[in-house]
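Note sheet for the following structure.
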Amino acid sequence: MDAVIGVIGTILGTILGWVLNSLSTKGKLKIYVSSWIDNFQYNDAGSMVPCKSKEQTEYYHYDLTLDVYNSSSETKILRNIKIEFDDGKNILHTSIPKDDTTRRRNGPISFYDSIAPLNVPPKTIIQLKLHDGAWRTNGGLDFIWNTQIVHLTYDDENGKKKRIIIKKENYNNYFNADVMYRGWITPKNITS
C-alpha cells in the first residue's frame, strides 16, 4: 500500500510541476510607447529648421521611444521591426528604423545601424530609442501626406506578425492652424 501511495504521490508531483512550469512560461511582450516625435524640416542656409508648410518641407523625421517588457519566464524575440505608414487600407511606406544605441561619430557626422532582432530576457524591460527619416527628392515624401495611421510591426518568436498603432493623424492637414498638438502621443501600454 505504501508503494502505491508513493507512486501516486510521484505522479501527482510530476503533474503539478508540469502545470506550474506551463503557467510560468505564459506571458507576453508588453510594449509601452513612451514617445513619438515627428517633425518636418527644410534647409535654411545650411541648417535644418522646422517647416511651416507642406510645400516648404524637404525632410521628414521621427523619433520613437519604446519600453518592451517580457512578462514570461522565457526569452521573447522581436524580428523584422518596422514602422509602417498607411492610409487606413494600404501600406504606403515602410521604414526600418535606426537604433540610437549604435551611434558612431566621424567628425560632425553620425552613423547608425538599423534595428537588429531583439531578444528580451524573462521578466525584464528593454528601452528602445529609434529614429529614421525621408527626403523630398524624387517623391520621397509623397507617402506622408496620405498617411492616416502609423504602426510598429514585428515578427514574434513564432514568426507571427504583430502590429501596434503608434499614431493616428491625417498628415495632409498637419500644418493647419487649428491643429495645435504636435509630436507627442499619449503614452499607452500595448500587449502583444
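Bear in mind these aren't lab numbers, they're just calculated from the coordinates by the rules spelled out. Keep in mind that this is a model prediction, so the values were computed, not measured. Quick reminder, even Gly has a Cβ in these numbers, built from the backbone with ideal geometry, and neighbours come from all protein chains shown.
Key figures
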item	result
Members of segment 115-131 that are out of contact with any Lys or Arg (no Cβ under 6 Å at 6 or more places or on another chain) and not in a loop (DSSP other than H, G, I, E, B)	LEU118, ASN119, ILE125, ILE126, GLN127, LEU128, LYS129, LEU130
Lone qualifier among TYR42, TYR59, TYR32 - being closer than 30 Å to LYS160 by Cβ and among the aromatic types (Phe, Trp, Tyr)	TYR32
Residue check for SER53: over 30 Å from VAL120 (Cα atoms), in contact (Cβ under 8 Å) with a residue 40 or more places away in the chain and surrounded by 10 or more Cβ atoms within 10 Å (Cβ to Cβ)	yes
Output for segment 73-111, where each listed residue is touching a residue at least 24 places away in the same chain (Cβ under 8 Å), over 30 Å from GLY27 (Cβ atoms) and either part of a strand (DSSP E or B) or among the polar types (S, T, N, Q) (or both)	PHE85, LEU92, HIS93
Matching option when the condition is touching a Ser or Thr at 6+ places or on another chain (Cβ under 7 Å), more than 15 Å from LEU152 (Cα to Cα) and either surrounded by fewer than 13 Cβ atoms within 10 Å (Cβ to Cβ) or of a type outside the set (Gly, Ala, Ser) (or both), among TYR69, TYR112	TYR112
